[in-house]
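For reference, the structure discussed in these notes is given below.
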Amino acid sequence: MNAAPAYSLGERLLTIDNVSVRYDRPILDGVTGHIDNIRRQGLMQGQVVCLLGPSGIGKSQLFRCIAGLQRPHSGSVRLNGSGREVQPGEVGVVAQDYPLFDHRSVWSNLMLAARRHGRDAHEATEACLALLKKFGLTDCGLRHPMMLSGGQRQRVAIAQQLLCSSHFLLMDEPFSGLDPLSKTAVCNTLVDVSTSHELNTIIVVTHDIESAIRIADQLWLLGRSRDAQGNPVGGASIQETYDLAAMGLAWDPDIESRPEFHDLAAALKARFATL
Amino acid sequence: MKLVNLMLPFAPVRARWVRLLVAAQVAAALALWSFSGYRALPTPGEIGGAWMDLVRHQDLLAELWVSLRVSLMALGLSTLAAVTIACLSTAPLFMPLARLAAALRFLGFAGFTYVFMLVSGDAIVLRVAILAFGMTVFMVTALLADLAAMPRGRIDHCRTLGMQHWRITGELVLLGKADVILDLARQNAAIGWTLLTLVEGLTRSAGGIGALLLNQNRYFLLAGVFAIQATILVVGLAQDALLAWAKDIACPWRTLDKEPSAT
């Protein structure tokens, strides 16, 4: 049994307070959660939270609320302990199709994001060059998005969002349809992003339980409550959370070789069926 | 390549074969036309002779220039109007106006010509106004359909980058749809040539190739009619090729293919 790495919790970074969304029926019903800054001695340790839940449960609605793209019908999402609700542009969003402006080159896509964050031309250029280098995209600056491979496109989309968000990144199904090697590459990219700044916070919406355990320090299970007959009732809420940091399962590059990894994956799969 | 494959739908074919097929079919059509005993159409030789006659004695090229100017002015005006209406349509207040503009495509020019005549007071301006009106309504229809099909994720993407309102419209419609706009302008240019005869028929005294065509047609000078039609076809195709080239230059991303590269 590996000893859990030492860490402490700092200031509150994100608060989801009793968020509800309903249309013709309740979609989200009192979703509540928070993310605190994780501190590890001598390391820049960001936060990775994976939101797991079955299809159609309301993950996309919650995703939009956290991104500030949709106002919940009640409740609020706040950043950095402020009383102000999250605004569009404060949280970076990388959708499943890795949206980029196809009519702009990679460089132009990045500069657009960098300049919109209030940097002057010199600062924006420096920030873009640094990210291109970090993501191994230095040769891609002049290409248009449709000339990129899927992995390159994803990295450019992440870079674009990092340039204009305030350390928060939401990712929708980043592992969808990928082979095992590509999944590992995406996991490495996300870990790399999360550990490049103390306040970097990534929220990943996914179905992929194994990949989620590999990268997350917290797992949130979104689902609906059940009545006595086992029928789902009301809107979705966070049914269960797993603090992988406290369980000693976070930040371990060899986690897949540990029996606890497989036990947790099996338990989550079983739990998934009842969400 | 087996010749039988040319008969199969979606069979892959080399560009060389396509060029060969086009040349062979054009040659066959011309031969059939020239040597057929059926005399409903003038022969290519008669049309060529009529074309030379029109150039020498009826200022065909000068009339063509008059029409080309009208066509280009109308194309520019209609593109500007349609893009402006499409951009405005992204705001709910202006959506009814855009829908109305699109609905007008079902109407003919009857009645409108009188209104345009009163407003313009000049034959060339009248032609440009009517042509631009005819083109704009179709372009607005196509642009509105394209904008309606735009996924919400595109707008969300702009918002996540901190863009708001008209900045989003500028990015997604003006820049993001530049290729669509240029494609529609190509289509509009073709529509313009088909409407030209109708429009120039309203004010024949101002000249133009459409007016010349109507005059030839009135006296049943079929060789002259087809000579003018052939001229319009050649100019139209050249204009279309020019606009396609302009689109490739302005929107290079449309012609880019994925390059194989590692993840």
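The values are calculated or read from the model by the stated rules, or taken from the named source; none is laboratory data. Just so it is clear, the structure is predicted and the values come from calculations on it, not from any experiment. Using ideal geometry, Cβ is built from the backbone for each residue, glycine included, and neighbour counts are taken over all protein chains shown.
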Residue selected from region A:157-186 under the condition without any contact (Cβ under 8 Å) to a residue 60 or more places away in the chain, touching a Phe, Trp or Tyr at 6+ places or on another chain (Cβ under 8 Å) and not basic (Lys, Arg), by the criterion nearest to A:TRP251 (Cα to Cα):
A:VAL186
Please work out which one of (1) exposed (fewer than 15 other Cβ atoms within 10 Å of the Cβ); (2) in contact (Cβ under 8 Å) with a residue 40 or more places away in the chain is the condition B:ASP122 fails and give its number.
(2)
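Just a yes or no: is a residue in region A:58-67 at negative phi and assigned to a loop (DSSP other than H, G, I, E, B)? Break it down into steps so the answer makes sense when it comes.
The first filter runs over region A:58-67 and keeps only residues at negative phi, leaving A:59-67.
Imposing the further condition that a residue be assigned to a loop (DSSP other than H, G, I, E, B) reduces the set to none.
No; the residues of region A:58-67 include none that is at negative phi and assigned to a loop (DSSP other than H, G, I, E, B).
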Of everything in region A:21-36 that's in contact with a strand residue (DSSP E or B) (Cβ under 8 Å, 6 or more places away or on another chain) and surrounded by fewer than 19 Cβ atoms within 10 Å (Cβ to Cβ), which residue is modelled with the lowest pLDDT?
A:ARG25
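Any idea which of B:LYS177, B:LYS247 is more than 10 Å from chain A (Cβ to nearest Cβ), buried (at least 19 other Cβ atoms within 10 Å of the Cβ) and at negative phi?
Testing whether each residue is more than 10 Å from chain A (Cβ to nearest Cβ), buried (at least 19 other Cβ atoms within 10 Å of the Cβ) and at negative phi leaves just B:LYS247.
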If we ask which residues in region A:3-39 are without any contact (Cβ under 8 Å) to a residue 40 or more places away in the chain and either among the polar types (S, T, N, Q) or assigned to a loop (DSSP other than H, G, I, E, B) (or both), their number turns out to be 4
Only one of (1) touching a residue at least 24 places away in the same chain (Cβ under 8 Å); (2) assigned to a loop (DSSP other than H, G, I, E, B); (3) within 14 Å of chain B (Cβ to nearest Cβ); (4) within 21 Å of the chain's Cα centre (by Cα) does not apply to A:ASP97, and that is (1)
What tally of residues in region B:203-215 results from selecting those that are surrounded by fewer than 21 Cβ atoms within 10 Å (Cβ to Cβ) and without any contact (Cβ under 8 Å) to a residue 60 or more places away in the chain?
3
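From the list B:VAL199, B:VAL140, exactly one residue is modelled with pLDDT of 95 or more and within 25 Å of the chain's Cα centre (by Cα). Which is it? Reasoning before the result, please.
On the way: B:VAL199 fails: modelled with pLDDT of 95 or more.
None of the other options fit; the residue is B:VAL140.
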Meets criteria (surrounded by 19 or more Cβ atoms within 10 Å (Cβ to Cβ), farther than 30 Å from B:ILE249 by Cβ and not small (Gly, Ala, Ser)) for B:LEU143:
no
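Could we say that A:SER165 is surrounded by 20 or more Cβ atoms within 10 Å (Cβ to Cβ) and among the hydroxyl-bearing types (Ser, Thr, Tyr) here? Spell out the reasoning first.
Numbers: surrounded by 20 or more Cβ atoms within 10 Å (Cβ to Cβ): yes; among the hydroxyl-bearing types (Ser, Thr, Tyr): yes.
Against the criterion (surrounded by 20 or more Cβ atoms within 10 Å (Cβ to Cβ) and among the hydroxyl-bearing types (Ser, Thr, Tyr)), A:SER165 qualifies.
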From A:GLY89, A:GLY136, grab the single residue that is surrounded by 22 or more Cβ atoms within 10 Å (Cβ to Cβ), within 11 Å of chain B (Cβ to nearest Cβ) and either in contact with a Leu (Cβ under 7 Å, 6 or more places away or on another chain) or under 24 Å from A:ILE203 (Cα atoms) (or both).
A:GLY89
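Kindly indicate which of B:ASP179, B:ASP248 is under 30 Å from A:PRO145 (Cβ atoms) and in contact with a Cys (Cβ under 9 Å, 6 or more places away or on another chain). Walk me through how you get there before you give the answer.
Working: B:ASP248 fails: in contact with a Cys (Cβ under 9 Å, 6 or more places away or on another chain).
That would be B:ASP179, the only listed residue that is under 30 Å from A:PRO145 (Cβ atoms) and in contact with a Cys (Cβ under 9 Å, 6 or more places away or on another chain).
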Taking A:ILE213 as meeting all but one of (1) over 27 Å from A:VAL86 (Cα atoms); (2) modelled with pLDDT under 95; (3) of a type in the set (A, V, I, L, M), write down the number of the exception.
(2)
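Listed residues A:ALA113, A:ALA127, A:ALA157; which is of a type in the set (Gly, Ala, Ser), surrounded by 16 or more Cβ atoms within 10 Å (Cβ to Cβ), in a helix (DSSP H, G or I) and away from every other protein chain (no Cβ under 12 Å)? Spell out the reasoning first.
Values: A:ALA113 fails: away from every other protein chain (no Cβ under 12 Å); A:ALA157 fails: away from every other protein chain (no Cβ under 12 Å).
After applying the criteria, what remains is A:ALA127.
Looking at region B:21-42, is at least one residue crowded, with 16+ Cβ neighbours inside 10 Å and at pLDDT below 95?
Going through region B:21-42, the residues crowded, with 16+ Cβ neighbours inside 10 Å turn out to be B:42.
Add one more test, that the residue is at pLDDT below 95, and what stays is B:42.
Checked against the condition, which is being crowded, with 16+ Cβ neighbours inside 10 Å and at pLDDT below 95, region B:21-42 yields at least one hit.
Can you tell me which residues in region A:158-188 are in contact with an Asp or Glu (Cβ under 6 Å, 6 or more places away or on another chain) and either polar (S, T, N, Q) or modelled with pLDDT under 90 (or both)?
Here is the first cut: in region A:158-188, the residues in contact with an Asp or Glu (Cβ under 6 Å, 6 or more places away or on another chain) are A:166, A:175.
The one that is in contact with an Asp or Glu (Cβ under 6 Å, 6 or more places away or on another chain) and either polar (S, T, N, Q) or modelled with pLDDT under 90 (or both): A:SER166.
If you go through region A:177-204, how many residues are within 14 Å of chain B (Cβ to nearest Cβ) and either buried (at least 19 other Cβ atoms within 10 Å of the Cβ) or at negative phi (or both)?
If we filter region A:177-204 for residues that are within 14 Å of chain B (Cβ to nearest Cβ), which is where we start, we get A:177-189, A:203.
Within this subset, residues satisfying the condition of being either buried (at least 19 other Cβ atoms within 10 Å of the Cβ) or at negative phi (or both) are A:178-189, A:203.
Here the count works out to 13.
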